[in-house]
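Worksheet: one structure, shown below.
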Amino acid sequence: MYQIGQYIIYGNTGVCKVEGLVEKPPLGLYYILKPLYESGTIYTPAEHPKVFMRPVISRDEAEALIDQIPQVVAQPDRTKNLQELREHYRTATCSHNCADLTRLTMSIYAKKKEQEQRGRRFGQVDERFMKQAESILFGEFAVALGIPKEEVHTYISRRVEGLRTVQA
């Protein structure tokens, strides 16, 4: 059971704060969740949830993931079949794993740079999933690191650059 005030990941909504717990007879206990970066309120079963939920990672876990970024090999998906591409991206975002989201974001970003260098337009599917993965990942990092979501990209860049300086 999650505690009131705890931050959790709720499906592809991203970070939510557990605002309360309410009994809904005959259905049972429901969490009242408040998304941090979206409006609205979510009521979801506390027992046998239908949507993936887990606690937000810790600061140490977030920093360890960021520190591993220089070793991540970005492999752009070059499939021409949009259905396959969507499914590949959906699978990665639905894993709810920060390492998978980091790899996905970096791979799509590498594809974007590749397309720009060739003078080609970046695909809408790629753009949509890159924004979705980044939003979920940066939202979780923001809570774990105790910084605003808008500052996460800068934080990551500085930390990775600092690692490169130390290693040089």
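Computed from the coordinates by the stated procedures, all read-outs in this text should not be read as laboratory data. Quick caveat, the model's predicted, so the values are computed rather than measured. Please note: Cβ atoms are built from the backbone with ideal geometry, for glycine as well, and neighbour counts cover all protein chains shown.
Pull up all non-local amide H partners of Phe52: gap of 5 or more, or a different chain, and H-to-H distance under 5 Å with H placed in the peptide plane.
It is Gly11, by chain and number.
Going through the range 22-54, which GluC sites (Glu not before Pro) have at most 11 other Cβ atoms within 10 Å and a DSSP loop state?
Glu47
On a C-alpha basis, how far is the centre of the range 105-168 from the centre of the range 12-61 in Å? Whole number, if you could?
26 Å
If contacts are Cα pairs under 8 angstrom and at least 6 residues apart, what is the relative contact order of the range 7-55 in percent?
Computed over the range 7-55, the figure is 36 percent.
Using only Cα atoms, find the angle between the long axis of helix 124-145 and the longest principal axis of the chain, and express it within 0 to 90 degrees, rounded to the nearest 10.
Computed tilt is about 60 degrees.
Compute the helix-to-body angle for 82-94: its Cα long axis versus the longest principal axis of the chain, expressed 0 to 90° and rounded to tens.
50 degrees
Would you count, across the chain, every pair of lysines whose alpha carbons are under 27 angstrom apart, provided the pair is eight or more residues apart or spans two chains?
For the chain, qualifying lysine pairs total 21.
What list of ³J(HN,Hα) couplings, whole Hz, do you get for the range 12-24 from phi and the Karplus terms 6.51, -1.76, 1.60, once you set θ to phi - 60° and write x for glycine and proline?
So the J values, rounded to whole Hz, are 8, 6, x, 6, 10, 9, 6, 8, x, 9, 9, 8, 10.
Quick one, what does Rg over Rh come out to for the range 7-55 if you take C-alpha atoms and the Kirkwood Rh?
0.95
Among Thr105, Ala62, Ile4, whose Cα sits farthest toward the positive end of the charge dipole of the chain (+1 at Cβ of Lys/Arg, -1 at Cβ of Asp/Glu, about the Cα centre)?
So the residue furthest toward the plus end is Thr105.
Can you give me the long-range amide H partners of Thr44? Hydrogens built in the peptide plane at 1.01 Å from N, cutoff under 5 Å, separation of 5 or more residues or another chain.
Tyr31, Leu33
Does anything in the range 106-139 have its amide N under 20 Å from the 7 Å Cα→Cβ label point of Ala64, and if so which residues?
In the range 106-139, the label zone of Ala64 (backbone N under 20 Å from the point 7 Å along Cα→Cβ) covers 137-139.
Considering amide H positions built from the backbone, and no H for Pro or chain starts, which residues 5 or more places from Leu36, or on another chain, come under 5 Å of its amide H?
Under 5 Å from the amide H of Leu36: Val15, Cys16, Lys17.
For the chain, count all C-alpha to C-alpha pairs, find those more than 27 Å apart, and express that count as a whole percent of the total.
Considering the chain, 34 percent of its Cα-Cα pairs are separated by more than 27 Å.
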